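Here the structure comes first, spelled out in structure tokens, and everything after it is commentary.
Read-outs throughout are calculated quantities, based only on the coordinates presented, and are distinct from any laboratory measurement. Just so it is clear, the model here is predicted, and its values are computed rather than measured. Glycine gets a Cβ as well: all are built from the backbone with ideal geometry, and neighbour counts include every protein chain shown.
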Amino acid sequence: MPDTKAQAKQTAPFLYLYALAAAGGAVAYVPFLTILLPLRVTEFAGQDALAVLSYTTFAGAIAASIANIGFGWLSDITKTRRPWIGAGLVLSSCLLLLVPFASSPPLLIALIICWQIALNMMLGPLSAWAGDVVPDAQKGMLGGLLAFAPALGALSGAFITFKGLATADERLYWVAVLMLLMVGPLLLFGKPIKMPQLLVDRPKEVMAKNADNSARMAVWRMWSARLMVQIAEASLFAFLLMWFRSLDPQFDENKVANIFAFVLSIAVVFAILIGRWSDRVDRPIVPLVSCAATAALGLALMALAPTLPMAIAGYVTFGIASSIFLALHSSQTLRVLPRASRRGRDMGIFNLTNTVPSLIMPGLTLALVPRYGFDLLFLLLAVLAMLASLLLFKMPERPASSAV
């Protein structure tokens, strides 16, 4: 009898094209939300920049949360992912080019809401597509490749902010072009091997049998742990430039982009190696536990750092560990979703761990930073990251049998 497990492998070309497309999604928002948007807000908001940026992030996160679930669900209902990804790609690119025309906070917030909706028309179905065609035996490898997404997003930020390359408005055109070049090849040339076994819901009687407390707890441990790490990630994602400038007013946006690029590039190498290791030994949870604990250590160093070099070292530690965690978690999440027919919707619900922190983070930052500075904020985030590690420490290594 043939070894069906050995045969159930997705092709390397598709995995690489998928990873490139996921990176294109990151290029769409990483340089924009971390560098270009804060700079634009600072231009017309002045001393109110922190508040305006917080409100803009808040509104955009709500739109992204709803859109990701909605378009993921629509791609479930229509039983196709590719057309939704293509439509979102085109619409989000066009909306990005309208940003220079938003000259006031209300206009900017409205535009960001529309842009987030269009972007998640692409991202929601894209995340679910991996679950349709990548088997569990390659989830670690997939997670490692997904680490390229934030890395290339950061590299694109370093590229478009290179002095003399482009004006503020031209940088947005560069972002749109790069996104099209990275997502387009998957839509045009991506031909995955069909995996019909991944498109079938588990039998109801099996789901009912497995829906015990420990299985349900595995799902919520995964969701909650990612939420805690993402709260820390989101806080630095939006305010890293401001934090570095609070330590050194001469610290410019290109230096921040270069640090992002360095951290995430190193994370790619380790994520691929660790992902392959987790596939080989069938231990998908151990790397998540270790990375969350290391991220907590990095945040503690940031809070206690007396000098800029030590602060950068703390961020590098946090950035590498959290990037590996988030990349591997993204692929391992697919193990805990029991209904293939609602995979897009369920991935959208898990995506709330990416967007809800953007709802929590502005209020948290505004409550702590003006009065106590960034140090107390980083200590609180370190506690959350350590709690994430502890949550996963007691989780079964094979959560695939869990049910929501």
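Give, in nm to one decimal, the length gained when the segment between residue 269 and residue 97 is fully stretched (0.36 nm per residue of separation minus the Cα-Cα distance).
Contour length minus Cα-Cα distance gives 58.6 nm.
Which whole-number percentage describes the relative contact order of the chain, with Cα contacts under 8 Å and a sequence gap of 6 or more? Spell out each step's value before the answer.
On the way: 671 pairs, mean separation 115.0, N = 404.
Relative contact order here is 28 percent.
Quick one: Debye curve from the C-alpha atoms of the range 24-136, no solvent, what's log10 I(q)/I(0) at q = 0.10, 0.23 Å⁻¹?
Per q value, in the given order, log10 I(q)/I(0) is -0.32, -1.22.
With the calculation restricted to Cα positions, what are the radius of gyration and Dmax of the range 11-401 in angstrom?
19.9, 63
Gain in length, residue 376 to residue 137, computed as 0.36 nm per residue apart minus the alpha-carbon separation, to one decimal in nm? Present the calculation step by step, with values, prior to reporting the outcome.
Details: separation 239, 0.36 × 239 = 86.04 nm, distance 4.15 nm.
Extra length available between residue 376 and residue 137 comes to 81.9 nm.
What is the order of 291, 114, fewest Cβ neighbours within 10 Å to most? Show your work: numbers first, answer last.
On the way: 291 29, 114 16.
Least crowded to most crowded, the residues run 114, 291.
PRE reach from residue 180 (point 7 Å along Cα→Cβ): which of the range 93-114 fall under 18 Å by backbone N?
Output list for this probe position: 93-100.
Using only C-alpha atoms and all pairs of different ones, pull out the Kirkwood radius for the range 1-84 in Å with one decimal. Provide the component values of the computation, followed by the final result.
Working: mean 1/r = 0.0607 Å⁻¹.
Taking the inverse mean of 1/r over all distinct Cα pairs, the range 1-84 comes out at 16.5 Å.
With r defined as the distance between the Cβ atoms of residue 339 and residue 308 and R0 fixed at 56 Å, what FRET efficiency is calculated, to the nearest 0.05?
The formula returns an efficiency of 0.70 here.
Taking 0.36 nm per residue of sequence separation and subtracting the Cα-Cα distance, how much length would be gained by fully extending the chain between residue 286 and residue 162, in nm to one decimal? List each step's numbers first, then the result.
On the way: separation 124, 0.36 × 124 = 44.64 nm, distance 3.88 nm.
Using 0.36 nm per residue and subtracting the Cα-Cα distance, I get 40.8 nm.
Output the Cα-based Rg and Dmax of the range 312-379 in Å, rounding Rg to one decimal and Dmax to a whole number.
According to the Cα coordinates of the range 312-379, Rg and Dmax are 16.1, 49 Å.
In bins 10 Å wide, starting from 0, what share of all Cα pairs of the range 233-379 does each bin hold, as a percent?
The calculated distribution, bin by bin, is 10, 35, 34, 16, 4, 0.
Evaluate E = 1/(1 + (r/R0)^6) for residue 366 and residue 248, where r is the Cβ-Cβ distance and R0 equals 35 Å; express this FRET efficiency to the nearest 0.05.
The pair residue 366/residue 248 has a calculated efficiency of 0.95.
Could you give each residue of the range 185-199 its phi-based ³J(HN,Hα) in whole Hz, using Karplus coefficients 6.51, -1.76, 1.60 with θ = phi - 60°, and x for Gly or Pro?
x, 5, 5, 8, 10, x, 10, x, 5, 5, 10, x, 5, 8, 9
Let me test this: with uniform point scatterers at the alpha carbons of the range 249-300, what is the Debye-based log₁₀ I(q)/I(0) at q = 0.28, 0.32 1/Å?
-1.06, -1.11
Restricting to DSSP H runs of at least four residues, report the calculated mean residue ellipticity at 222 nm for the chain, -39500 (n - 2.57) per run over all residues, nearest 500 deg cm²/dmol.
Working: 16 runs with 315 residues, N = 404.
The helix-only estimate for the chain comes to -27000 deg cm²/dmol at 222 nm.
Which one of 87, 232, 130 has the biggest mean-square fluctuation once the chain is modelled by GNM with Cα springs under 10 Å?
Of 87, 232, 130, the Gaussian network model singles out 87 as fluctuating most.
Label points 7 Å out from Cα along the Cβ direction at residue 193 and residue 9: separation in nm?
0.7 nm
I'd like the FRET efficiency for residue 78 and residue 383, computed as 1/(1 + (r/R0)^6) with the beta carbon distance as r and R0 of 45 Å, rounded to 0.05. Each step should come with its number before you reach the end.
Values: r = 43 Å, r/R0 = 0.95.
Working from the Cβ atoms, E equals 0.55.
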